[in-house]
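Structure, as structure tokens:
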């Protein structure tokens, strides 16, 4: 455990003034919710919400060796990226697990932006540097940038009022560098909610200007500031993995259903291990399930078969605000992992019936 | 925030309304505010006789699970039947529609160990 003091994001005071309940998360004081988690969740699904996710980490990887380093440390094929394109990927470790999942932005053939989880900034930084036998230059710019995720079906129409950049010309998993609310930033068609919208990377000194402009123009769209609480329930409904829950140092991307970002057409850290899993089969895999009997699955609850044998572990679970039913994800022994299979979640020593369903839930 | 003076309170944020040897138990307005949207109440202890501070059930918000503790020893006579389909009653009306269990006290003198409204209010920082 680290005992270092919690860091504040640039708009800490602003969030407190908006009534945010601030909680320690990944070393930062972060807004968990403002008024009401379910209301914030539904606002993102139906209208638009703004998340301050400035705790996220950002690294720049530059130079002739940049692509070789990224091909080696990430599982996806960076050579497929073009300028202005983004790739979801992960950093395999040498023990068969995952150091972190991340986004890779190609700014140019020799310059990339990596966006990593706040909880893993130090670990990722050390890991990538330790693998840098390619002469790439690395810079950790995490403390200089704020990140706003503006998410929801009305996000594009709303943000368009603040920028000359044609937002409809930026496809999903693409970005552009331009002005919005009068501020230079990276405008990225990404998010972690499955509700559509953009993520905006802004210098800390301009963060308040951008946030307040968005809140102002957002009034007519009924925008709400949204906390990490509903960010988690939103991502769960879409079956997006959360590092530390659904993937970690001991899970293979093949087991996690992330084979689509694991490209064996190139060499990368511990490739043979994952290739073997892919070719010869996994013993467990990440599945989605919904509760049939009443109960809410939670991280680390045991999964049982009908005889009470332990066949897996819940990695994420919640009551879904959109679906109004309890959903979860977890690793299940491959023999029990078929779609439609009945499983049992051990909730306070009661076996509560659930059914394996397809991901995403929504 | 509401701290009715006719109730007694625990450090675990339950309230008790005592009437002879019968009492109604719920969680406080402060507790429901801290938990946020309550989505599930799990109480399977009807008919059980439990000691003070034993767990009689759990209450789940979207993000959290919290145990419910007996404020005083007693037998669980009844669970609020509305909470199964309307757990949000606890958020809306913690001291009324959101009541949780009715109990028969087995050691009424324990009521004297509970906090009055003013003491409880102070303990929550209000």
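Derivation of every value follows stated rules applied to the coordinates shown; laboratory data play no part. These numbers come from a predicted model, not from an experiment. Because the Cβ atoms are built from the backbone with ideal geometry, glycine has one as well, and the counts that use them run over all protein chains shown.
Considering only the stretch B:1-17, state which residues are crowded, with 19+ Cβ neighbours inside 10 Å and in a strand (DSSP E or B).
Going residue by residue through the stretch B:1-17, those that are crowded, with 19+ Cβ neighbours inside 10 Å are B:3, B:7-10, B:13-16.
Once the filter is applied, which keeps residues that are crowded, with 19+ Cβ neighbours inside 10 Å and in a strand (DSSP E or B), the stretch B:1-17 yields B:8, B:9, B:14, B:15, B:16.
Grab the strands (runs of 3 or more DSSP E) fully contained in the stretch A:261-348, keeping just those with 1 or more residues being within 14 Å of chain B (Cβ to nearest Cβ). Step through it out loud before you land on a result.
Numbers: elements: A:284-291, A:302-304, A:310-320, A:325-333, A:342-347.
Filter on the stretch A:261-348 gives A:284-291, A:310-320, A:325-333, A:342-347.
I'm trying to understand the selection: among the residues of the stretch B:68-89, which are farther than 25 Å from residue B:21 by Cβ and touching a residue at least 24 places away in the same chain (Cβ under 8 Å)? Before you say what the answer is, go through the steps one by one.
Taking the stretch B:68-89 as the starting set, the residues that turn out to be farther than 25 Å from residue B:21 by Cβ are B:84-89.
Once the filter is applied, which keeps residues that are farther than 25 Å from residue B:21 by Cβ and touching a residue at least 24 places away in the same chain (Cβ under 8 Å), the stretch B:68-89 yields B:84, B:87, B:88.
Looking only at the stretch B:27-70, which residues are farther than 21 Å from residue A:23 by Cα, buried (at least 18 other Cβ atoms within 10 Å of the Cβ), more than 14 Å from chain A (Cβ to nearest Cβ) and out of contact with any helix residue (DSSP H, G or I) (no Cβ under 7 Å at 6 or more places or on another chain)?
B:28, B:50, B:69, B:70
Give the residues of the stretch A:65-79 that are surrounded by fewer than 21 Cβ atoms within 10 Å (Cβ to Cβ) and free of Cβ contacts under 8 Å to residues at least 60 places away in the same chain, sorted by residue number.
Result: A:67, single match.
Could you check residue A:162 against (1) closer than 15 Å to residue A:223 by Cα; (2) exposed (fewer than 15 other Cβ atoms within 10 Å of the Cβ); (3) without any contact (Cβ under 8 Å) to a residue 60 or more places away in the chain and say which number it fails?
Answer for residue A:162: the failing condition is (2).
If the requirement is being closer than 27 Å to residue B:62 by Cα and more than 25 Å from the chain's Cα centre (by Cα), which of these qualifies: A:247, A:343, A:303?
Numbers: A:247 fails: more than 25 Å from the chain's Cα centre (by Cα); A:303 fails: more than 25 Å from the chain's Cα centre (by Cα).
A:343 is the lone residue from the list that is closer than 27 Å to residue B:62 by Cα and more than 25 Å from the chain's Cα centre (by Cα).
Give the residue that is nearest to the other protein chains (Cβ to nearest Cβ), with candidates limited to residues of the stretch A:1-22 that are in contact (Cβ under 8 Å) with a residue 24 or more places away in the chain and assigned to a loop (DSSP other than H, G, I, E, B).
A:20
Quick one: residue A:237 ticks every box in (1) surrounded by 15 or more Cβ atoms within 10 Å (Cβ to Cβ); (2) over 29 Å from residue A:49 (Cα atoms); (3) within 14 Å of another protein chain (Cβ to nearest Cβ) except a single one, so which number is it?
(2) is the only condition that residue A:237 fails.
Taking residue A:42, is it touching a residue at least 12 places away in the same chain (Cβ under 8 Å), assigned to a strand (DSSP E or B) and surrounded by fewer than 22 Cβ atoms within 10 Å (Cβ to Cβ)? Outline the logic, then answer.
Values: touching a residue at least 12 places away in the same chain (Cβ under 8 Å): yes; assigned to a strand (DSSP E or B): no; surrounded by fewer than 22 Cβ atoms within 10 Å (Cβ to Cβ): yes.
Answer is no for this residue.
Which of the residues belonging to the stretch A:349-362 are touching a strand residue (DSSP E or B) at 6+ places or on another chain (Cβ under 8 Å) and either in a strand (DSSP E or B) or within 14 Å of another protein chain (Cβ to nearest Cβ) (or both)?
A:351, A:352, A:353, A:354, A:355, A:356, A:357
Just a yes or no: is a residue in the stretch A:56-64 out of contact with any strand residue (DSSP E or B) (no Cβ under 8 Å at 6 or more places or on another chain), surrounded by fewer than 18 Cβ atoms within 10 Å (Cβ to Cβ), touching a residue at least 12 places away in the same chain (Cβ under 8 Å) and part of a loop (DSSP other than H, G, I, E, B)? Steps first, please.
Initially, the stretch A:56-64 is screened for residues out of contact with any strand residue (DSSP E or B) (no Cβ under 8 Å at 6 or more places or on another chain), giving A:64.
Okay, now just the ones that are also surrounded by fewer than 18 Cβ atoms within 10 Å (Cβ to Cβ), so A:64.
Then drop every residue that is not touching a residue at least 12 places away in the same chain (Cβ under 8 Å), which leaves A:64.
After this cut, where a residue has to be part of a loop (DSSP other than H, G, I, E, B) as well, the list is A:64.
Yes - at least one qualifying residue is present in the stretch A:56-64.
Can you pull out the residues in the stretch A:23-39 that are touching a strand residue (DSSP E or B) at 6+ places or on another chain (Cβ under 7 Å), crowded, with 18+ Cβ neighbours inside 10 Å and within 14 Å of chain B (Cβ to nearest Cβ)?
A:30, A:31, A:32, A:33, A:34 - these are the residues of the stretch A:23-39 that are touching a strand residue (DSSP E or B) at 6+ places or on another chain (Cβ under 7 Å), crowded, with 18+ Cβ neighbours inside 10 Å and within 14 Å of chain B (Cβ to nearest Cβ).
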